[in-house]
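The values are calculated or read from the model by the stated rules, or taken from the named source; none is laboratory data. These numbers come from a predicted model, not from an experiment. Neighbour counts are summed over all protein chains in view; Cβ atoms, including those assigned to glycine, are modelled from backbone coordinates with ideal geometry. Please note that ligands, DNA and RNA were not included when accessible areas were found on the heavy atoms of the full protein model with its side chains. Shrake-Rupley method; radii C 1.70, N 1.55, O 1.52, S 1.80 Å.
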Amino acid sequence: TEVEWDWGWTAGAQLQWSLWDGGATHGLVREKRLRLAKAETTYDDMADGVVLEVTRAYLEMQRAEETVQSSRDTVGMAERALEIAKARYDSGQATYLELDDANLELRNADLILQTALRDHLNAVAVLAAAVGVTDANVLYGEQP
């Protein structure tokens, strides 16, 4: 005798539902919502901090650029004053002390310019770090 097998599929599903969990599910949902709200607030605070840091660094760089330009102008005036003092000294209309004072003023103006250039480079580095750039030349539109 020949035996026939009957093939078929059986599917099932199991569903578990707790009718009473003492409010545990509600408490977990509330806790997760509070954690989410705290994370969103932390994120917003950090984003505001980044914007503030970048803005502050950018403004400091602009101030440093203006100081450099002003210092360059001062050096130019001090150079002109030294030329005038030299001409007056050579013609006998000024003393050596006046010539020496003009030379000292030029050296002081140059020192202030060098300090301003250093401050500008520091400000550029701070801005580059604030925006996450590893090569500060990118801030000036130069390709690495």
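Could you please let me know if Val50 is within 22 Å of the chain's Cα centre (by Cα) and touching a residue at least 24 places away in the same chain (Cβ under 8 Å)? Yes, satisfied. Residues of the stretch 69-95 that are polar (S, T, N, Q), over 30 Å from Val133 (Cα atoms) and in a helix (DSSP H, G or I): Thr74 alone. Kindly establish whether Val75 is hydrophobic (A, V, I, L, M, F, W, C), within 30 Å of Val126 (Cα to Cα) and in contact with a His (Cβ under 6 Å, 6 or more places away or on another chain). No. Filtering Asp100, Asp73, Asp110 for residues that are more than 20 Å from the chain's Cα centre (by Cα) and surrounded by 15 or more Cβ atoms within 10 Å (Cβ to Cβ) leaves a single hit, Asp110. Six or more apart or on different chains, Cβ atoms under 8 Å: show the pairs whose first residue is in the stretch 3-18 and at positive phi and among the basic types (Lys, Arg) and whose second is modelled with pLDDT of 75 or more and open to solvent by 100 Å² or more (accessible area, probe 1.4 Å). If the second residue must be modelled with pLDDT of 75 or more and open to solvent by 100 Å² or more (accessible area, probe 1.4 Å), no pairs are left. Of all residues in the stretch 45-70, those satisfying the criterion of being surrounded by fewer than 12 Cβ atoms within 10 Å (Cβ to Cβ) and either among the aliphatic types (A, V, I, L, M) or over 19 Å from Leu127 (Cβ atoms) (or both) are Asp45, Met46, Ala47, Val51, Leu52. Residue under question is Glu105, and the condition is that it be at pLDDT 95 or above and either more than 14 Å from the chain's Cα centre (by Cα) or at positive phi (or both); does it hold? The answer is yes for Glu105. Of all positions in the stretch 8-22, none carries a residue that is loosely packed, with under 15 Cβ neighbours inside 10 Å and assigned to a helix (DSSP H, G or I). When you look at Glu66, is it charged (D, E, K, R), more than 25 Å from the chain's Cα centre (by Cα) and in a helix (DSSP H, G or I), yes or no? Judged against the criteria, Glu66 is not a match.
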